[in-house]
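Report on one structure; see the data block that follows.
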Amino acid sequence: MPPVVIRNDDWTWEDLCHYLYEEKAFDNIVISPGPGSPAYANDIGICLRLLHECKDIPILGVCLGHQALGYVHGAKVVHANEPVHGRLSEIEHSGCSLFNGIPSGRNSGSKVVRYHSLVIDPESLPKELIPISWTCSADTQSFLEISNSSSISDARDIVSSDSRSEVQKSLRVWPFNGHRNKENGKVLMAVMHSIRPHYGVQFHPESIGTCFGREIFKNFREITEDHWLKHGPLVACKENVDHSGNQTILRKPVEQLSDGPFPSRGIGLNGVSRKGVGLFDLVNLSYPSNGVKFLKLTWKKYDHLASEVGGAKNIFFQMFGHHKAENTFWLDSSSIEKGRARFSFMGGKGGSLWKQMVFTLSDESGHPFEGGGYLSIEDVQGSATKTFLKDGFFDYLNKELSSFQYKREDYDGLPFDFHGGYVGYFGYELKVECGAAYNQHKSRTPDACFFFADNLLVVDHSSDDVYLLSIHEECNTSTSWLDDAEIKLMELRTSVPDKLTEESSLNVSFTPGKVDFVAEKSKEGYISDVEKCKEYIKDGESYELCLTTQIRKKIEDTDALRLYLRLRETNPAPYAAWLNFSKEDICICCSSPERFLQLNRDGVLEAKPIKGTSKRGVTKEEDEQLKMQLQYSEKNQSENLMIVDLLRNDLGRVCEPGSVHVPLLMDIESYATVHTMVSTVRGKKQANLSAIDCIKAAFPGGSMTGAPKLRSMELLDSIESCPRGIYSGCIGYISYNQTFDLNIVIRTVVLHEGEASIGAGGAIIALSDPSEEYEEMILKTNAPSRVVMEYS
């Protein structure tokens, strides 16, 4: 049975005792990593009491949980010599059961990923806590060095089994003392209790970069099984209070307990369910709907037509670019090299099902979010309504999607997964609907804008085919839009496709007197913010903080569509997008290279986070050198690894257990102006969860927040001086049949109410150099800001 996770403040002590002892729900407990210190109640919750009083239950503490194990028994938790986050160390260990079958020592392949600013002071360890693992040296290593190290599979035989007790084995094998290890820079990596079945590891066995992490959890499971075989399942019947005022647990045999009042489903405290009991289901998909819609999809295919009519750019401009391309969208795969993208989707104000949705959160900035917001809907005839959504926009979309019924055979012959539905953006501040406590700043633009697109055109860049699609209610059999669009497409065969290219490629020169962009933060201010981030990281509040800022410029009478065409020409990207919500005076010109999250028709989720960016070189030799520097930079590898671990966690909340994997780690992709380090994370969606459940589990994208996500967003809200708005959110589609593909909004110009804004930033970690972080932020604004300067 898969692990069941609860927050450390979800249950009272009485709840915990009931499930551990009366319901016998869990064999063991894992106290997971987290930001902060075991000395602060808000950081550690009920876990200190659990370590103190649950003497007979196997417990594994990871990172903060490891420090808590030391703290509860009187050890000192102090600042490490340096914060180490997303970096690797070789370890050596005592050979105890937790490390059974795992090699030890230098060049053994026993590399672990560390995420910590605090450590247990080994000199303060009480006699009941025994050290069982240390780093081999004070040095850390980058991830790619692992790939080139000697084979680690052969090293498993180094560690021999020993039948002696855990304590005897540790005392016999362990060759260190605290004073010597303080001098040589070695860091304590694991401890065990001398009597209780309690263990702690400072590193992260669950990280993508840790070798033998699975074996550690397997060993802990075997320790658990051995413990219960030897001691039997003892449980509590009640609580008494001793003379000191502390609660103590009285135990009696299992067979004397009642079965308990709850059905068998499974819930627990960071532990493995044994009996499988629970209080509630995680998700309820049976939303009532007052208006079930039976949707019918009709479509036509035109083989090898795209190049004959001037390509995707000419098709969009001629078919949807009139009247300033009002109320149009274009999900534009303008960079298709190396299979990065294949399809482009475009459309405008459509048929009877078309509508525009604009959502604005109701919360006041700086206060705890109480939920809800205002949704304005305009239909194709121009009729508008405004309602208050108590449960928020994601809940509204979930119910809308649940109301659609359709036949799979309608789209079986299509090679893409968007067949009509919602196209638009989620703004960053919608994070309050996904677990964040509040927004420090209120967005200047609506928090979400979407079209319901019932008619669309698709270009297959691989085969050069063009598709026309139309969805309508089953009772409506009209194909008028398909017929009209087909006529327009055929007329494009006789047009001159070069004309647009020539016009959009005009060399627009800068004229004297042009007003440049104004930055929200000066160079000194941004560098100061980087230093604040590093202080938070040093104190253990975060591992990585994705700091951002924005630059703005007043504009007048800008031809927004031609600005976008120029941007896609100079900075093509696989997840580029054009959105024009004319009633809201919002045009979005996006050249994003980053996928936030995709769900395909097979139920496979995919994220492609980018962390690590460098400029392109002037010469081929310089360019290759810069690319290699990015590839082998310990700092950039650390940034990327931490976000990969975060995304694995996000996807793990909604994917089938064991299905989350990383087919590509730290791959380098090159674009017109930058090299980027990209990883790919995939998993199989749980069948009982919806598309919106998956989006909420991962939103906002971890590459724009840092890790851990919730605490990092709180810290960033306190540091950054303005709302992010559309920037850092996501743009894309959610198909009526619950597939979706969404980007991360970066490298983007937002035109709103006479102003162009561009957001940029970067991941701050302990290794960050403030001046270099500022230069990286500026580099990311170059391509979009240059185009704005040309067209304004």
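Just the C-alpha atoms of the range 663-702: what Rg/Rh do they give, with Rh taken as the Kirkwood radius?
That ratio equals 1.13.
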### Query
Can you give me the Cα centroid spacing of the range 631-653 and the range 527-593 in angstrom?
22
### Task
Give, in nm to one decimal, the length gained when the segment between Glu524 and Lys296 is fully stretched (0.36 nm per residue of separation minus the Cα-Cα distance).
76.3 nm
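Using mean Cβ contacts within 10 Å as the protection proxy, how do 189-195, 443-449, 727-733 order, highest first?
Numbers: 189-195: 21.1, 443-449: 24.3, 727-733: 27.0.
In descending order of packing, they fall as 727-733, 443-449, 189-195.
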### Message
Please list log₁₀ I(q)/I(0) at q = 0.15, 0.31 Å⁻¹ for the range 403-447, using the Debye equation with identical point scatterers on the alpha-carbon positions.
### Response
-0.63, -1.19
## Note on the structure
With the convex hull built on the alpha-carbon atoms of the range 682-736, volume per residue in Å³ sits at 111
### Task
Could I have the simple spin-label model distance between Ser659 and Asp391, label points 7 Å from Cα toward Cβ, reported in nm to one decimal?
2.4
### Task
Provide, for q = 0.09, 0.18 Å⁻¹, the log10 of I(q)/I(0) from a solvent-free Debye sum over equal Cα point scatterers in the range 578-721.
-0.34, -1.09
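Going by accessible area, probe 1.4 Å, with all protein chains left in place, what is the ranking of Phe452, Phe143, largest first? Don't skip to the end; give the middle numbers.
Values: Phe452 5, Phe143 35 Å².
Ranking Phe452, Phe143 by accessible area, largest first, yields Phe143, Phe452.
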### Task
For a label point 7 Å from the Cα of Lys538 along Cα→C-beta, name the residues of the range 752-792 whose backbone N is under 18 Å from it.
764-773
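Which value, in Å³ per residue, describes the convex hull spanned by the Cα atoms of the range 1-143?
136
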### Query
Among His441, Val380, Ser403, which residue has its Cα positioned farthest towards the positive end of the charge dipole of the range 374-492, with +1 placed on the Cβ of Lys and Arg, -1 on the Cβ of Asp and Glu, and the dipole taken about the Cα centre?
His441
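Rounded to two decimals, what ratio of Rg to Rh does the range 624-696 give with C-alpha atoms and a Kirkwood Rh?
Values: Rg = 14.9 Å, Rh = 13.7 Å.
Rounded to two decimals, Rg over Rh is 1.09.
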### Task
May I ask which residue of Gln738, Pro700, Ile719 lies farthest towards the positive end of the charge dipole of the range 696-761, with charges of +1 (Lys, Arg) and -1 (Asp, Glu) on Cβ and the Cα centre as origin?
Gln738
### Message
I need the phi-derived Karplus couplings for the range 398-409: 6.51 cos²θ - 1.76 cosθ + 1.60, θ = phi - 60°, integer Hz, Gly and Pro marked x.
### Response
4, 5, 4, 5, 5, 7, 8, 10, 7, 10, 4, 5
### Query
Given a cut-off of 15 Å, what percent of all Cα-Cα pairs of the range 588-627 lie beyond it?
63
### Query
How much of Cys694 can a 1.4 Å solvent probe reach, expressed as accessible area in Å² and rounded to 10?
0
### J(HN,Hα) series, the range 640-653, from Karplus relation 6.51 cos²θ - 1.76 cosθ + 1.60, nearest Hz, glycine and proline x
5, 4, 5, 6, 4, 4, 5, 5, 4, 5, 4, 5, x, 6
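Which peptide among 86-98, 6-18 comes first, and what is the full order, when sorted by highest mean count of other Cβ atoms within 10 Å? Can you show the working numbers first?
Details: 86-98: 24.8, 6-18: 15.4.
In decreasing order of mean packing, 86-98, 6-18 become 86-98, 6-18.
Grab the eigenvalues of the alpha-carbon gyration tensor for the range 751-792, scale each by 5, take roots, and send me the semi-axes largest first in whole angstrom.
On the way: eigenvalues 142, 24, 7 Å².
Each semi-axis is the square root of five times an eigenvalue, giving 27, 11, 6 Å.
Given +1 on the Cβ of Lys and Arg, -1 on the Cβ of Asp and Glu, and no further charges, what dipole in debye does the range 375-503 carry about its Cα centre, rounded to the nearest 20? Could you put the intermediate results ahead of the total?
Values: 11 positive and 25 negative charges, 156 e Å.
My answer is approximately 740 debye.
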### Leading residue at positive end of dipole, the range 1-41 (Cβ point charges), from Ile6, Leu20, Ser32
Ser32
#### Entry: Residue-by-residue Karplus 3J(HN,Hα) for the range 684-691, coefficients 6.51, -1.76, 1.60, Hz, glycine and proline x
9, 4, 5, 5, 8, 9, 9, 4
### Query
If the cut-off is 20 Å between C-alpha atoms, which aspartates and glutamates fall inside it for Lys55, apart from same-chain ones fewer than 8 positions away?
Glu14, Asp15, Glu22, Glu23, Asp27, Glu128, Glu166, Glu222, Glu225, Asp226, Glu239, Asp242
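Hey, what does the equivalent ellipsoid look like for the range 507-639, semi-axes from the Cα gyration tensor as sqrt of 5 times each eigenvalue, largest first, whole Å? Walk me through the numbers before you get to the answer.
Working: eigenvalues 175, 112, 86 Å².
Computed over the range 507-639, the values are 30, 24, 21 Å.
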### Query
Sorted by mean Cβ packing within 10 Å, highest first, what order do the peptides 35-41, 106-112, 420-426 take?
420-426, 106-112, 35-41
### Task
Mind computing the radius of gyration and Dmax over the alpha-carbon atoms of the range 536-605? Å is fine for both.
17.7, 49
### Query
Protein chains only, probe 1.4 Å: how do Asp139, Asp717 rank by accessible area, largest first?
Asp139, Asp717
### Query
Check Gly372: other-chain or 5+ apart residues with amide H under 5 Å from its amide H, H built from backbone geometry?
Gly392
### Message
For the pair Tyr40/Asp121, report the inter-label distance in nm, with labels modelled 7 Å from Cα in the Cβ direction.
### Response
2.0
#### Entry: Zone of Glu772's modelled label, taken as backbone nitrogen in the range 588-614 under 14 Å from a point 7 Å along Cα→Cβ
612-614
### Task
Note down the magnitude of the dipole of the range 448-495 about its Cα centre, charges +1 on Lys and Arg C-beta and -1 on Asp and Glu C-beta and zero elsewhere, to the nearest 20 debye.
160
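The values are calculated or read from the model by the stated rules, or taken from the named source; none is laboratory data. The model shown is predicted, which means the values in this text are computed figures rather than measured ones. Quick reminder, even Gly has a Cβ in these numbers, built from the backbone with ideal geometry, and neighbours come from all protein chains shown. Just so you know, the surface numbers come from the protein's heavy atoms only, side chains and all, with ligands and any DNA or RNA stripped out. Shrake-Rupley method; radii C 1.70, N 1.55, O 1.52, S 1.80 Å.
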